[in-house]
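The values are calculated or read from the model by the stated rules, or taken from the named source; none is laboratory data. The structure displayed is predicted, hence computed values, not measured ones. Here the Cβ positions follow ideal geometry from the backbone for every residue, glycine too, while neighbour counts run over all protein chains shown. The protein model used for the area step is the full one, side chains on, heavy atoms only, and it has no ligands, DNA or RNA in it. Shrake-Rupley method; radii C 1.70, N 1.55, O 1.52, S 1.80 Å.
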Amino acid sequence: MKTILKLTFIFIVLAGCKEGSKNERIISNSSGNLNNLTIVVDNLLWEDNVGEQIRTVFAAPLEGLPQDEPIFSLSQIPPSVFSGFATKSRIILKIEKGKPAGTAISEDLFAKPQTLVLVTGKTNQEIINQIESNSKQIISVFKKEEIKEKLRRISLSLHDDSDLKKAFGISIKFPTAYRIAKKEDKFFWIRKDIPTGTMDLMIYEVPLSTIKEGDSTITDIVRMRDSIGKTHIPGPVEGSYMITEESYAPYLFEINLDNKPTYETKGIWDVKNAFMAGPFINYAIKDLQNNRYLVVEGYVFSPSIEKRDHIFEMESIIKSIKFE
């Protein structure tokens, strides 16, 4: 009798588990090219001033590139076909007209990982106002999702960063496609060959006095990187070396990396006495504990080829940095 009761109890438990599993929501993996934003909006709105505002904000030229390239590549679909595979995009902007004005951010709604931003308004102007007032936050959450995905892909084949830990007390994720081309006292030059040129990372440290806060900050950063270029990054002919393009004013932002105040500089590099140039992104991380700025820079040489995704890769690598 006891055996029968035990078997009955086990059957009930198993049946309950099976029933529970039926009610679990299974979410498939998201998909899509990096920095490709899916726009779900009615065709009439897309062709009207709402679509114009979306393109103005999300396809605006990315700062610091020699040619205009959009922040995101946009793919528009009407709500009527937003189902099935179309819902699996990693970053989605959805527009709904006829509802009270608002902006909401959802994660992993149709796939995982996924960030969906829903913008609503009763009129075109209300929708436009929502996009304008929340544009920085929306771009930030989309970009955060894309960096996270890029680092996931990079992590599939990581380069050994033990030399960087010894030299600088940091860890950083970069793929095995890169090689350490130069390793000197407190300076590393890390390179990746691509069919049209190279992608390069520089890591070094300078005293805190090198960069002053205030009006001279950008001047100090340019002077610093020009000095490093002259010392460590030679050009193709004798007497040539990397400098900051003098006719192109760099962009300067203040951010935080690994909870440390950081100057983010975007601009164009040039080679003195040679015809070579391209975009760079430089991070000067204020490390008070070690009385230094740790500087990590990525730059691209790839003539006549779009460079947004190359710079994005190096930005993702740099933003993986952790201080030990």
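The residue that is modelled with the highest pLDDT, among those in segment 275-301 that are under 22 Å from residue 239 (Cα atoms) and open to solvent by 20 Å² or more (accessible area, probe 1.4 Å), is 301.
I'd like the full set of residues that are open to solvent by 50 Å² or more (accessible area, probe 1.4 Å) and touching a residue at least 24 places away in the same chain (Cβ under 8 Å), limited to segment 42-52. The answer is 42, 43, 48, 49.
For residue 60, the conditions (1) over 27 Å from residue 269 (Cβ atoms); (2) touching a strand residue (DSSP E or B) at 6+ places or on another chain (Cβ under 8 Å); (3) of a type outside the set (Val, Ile, Thr) are fulfilled apart from (1).
Listed here are the residues, each with its yes/no results for (1) under 21 Å from residue 323 (Cβ atoms); (2) in contact with a helix residue (DSSP H, G or I) (Cβ under 7 Å, 6 or more places away or on another chain).
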residue: 221; (1), (2): yes, no
residue: 229; (1), (2): no, no
residue: 246; (1), (2): no, no
residue: 252; (1), (2): no, yes
residue: 256; (1), (2): yes, no
residue: 264; (1), (2): yes, no
residue: 274; (1), (2): no, no
residue: 280; (1), (2): no, no
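Count of segment 181-210 residues, restricted to those that are in contact (Cβ under 8 Å) with a residue 40 or more places away in the chain and open to solvent by 10 Å² or more (accessible area, probe 1.4 Å), is 12. Checking the structure you have, find out if any residue of segment 53-67 is within 24 Å of the chain's Cα centre (by Cα), open to solvent by 80 Å² or more (accessible area, probe 1.4 Å) and at pLDDT below 95. Within segment 53-67, one or more residues are within 24 Å of the chain's Cα centre (by Cα), open to solvent by 80 Å² or more (accessible area, probe 1.4 Å) and at pLDDT below 95. Being more than 30 Å from residue 247 (Cα to Cα) and touching a residue at least 24 places away in the same chain (Cβ under 8 Å) is the filter here; which residues of segment 53-84 pass it? If the condition is that a residue be more than 30 Å from residue 247 (Cα to Cα) and touching a residue at least 24 places away in the same chain (Cβ under 8 Å), then 53, 54, 74, 75, 76, 77, 78, 79, 82 are the ones that fit.
Tallying residues that are buried (at least 16 other Cβ atoms within 10 Å of the Cβ) and either part of a strand (DSSP E or B) or among the polar types (S, T, N, Q) (or both) within segment 91-123 yields 17. Candidates 172, 233, 221: the one that is closer than 12 Å to residue 284 by Cβ and open to solvent by less than 60 Å² (accessible area, probe 1.4 Å) is 221. Just one of the listed residues (178, 251) is open to solvent by 40 Å² or more (accessible area, probe 1.4 Å), modelled with pLDDT of 95 or more and in contact with a Lys or Arg (Cβ under 6 Å, 6 or more places away or on another chain), namely 251. Does at least one position in segment 157-164 carry a residue that is farther than 26 Å from residue 304 by Cα, open to solvent by less than 40 Å² (accessible area, probe 1.4 Å) and in contact with a Ser or Thr (Cβ under 8 Å, 6 or more places away or on another chain)? Yes, there is a match, as at least one residue in segment 157-164 is farther than 26 Å from residue 304 by Cα, open to solvent by less than 40 Å² (accessible area, probe 1.4 Å) and in contact with a Ser or Thr (Cβ under 8 Å, 6 or more places away or on another chain).
A Cβ distance below 6 Å, combined with a sequence gap of six or more or placement on separate chains, defines the contacts here; from segment 158-172, residues that are at positive phi reach residues that are at pLDDT below 95 in the pairs 169/324.
At pLDDT below 95 and either surrounded by 13 or more Cβ atoms within 10 Å (Cβ to Cβ) or over 28 Å from residue 214 (Cα atoms) (or both): is that true of residue 246 in this structure? Taking the combined requirement at face value, the residue does not satisfy it.
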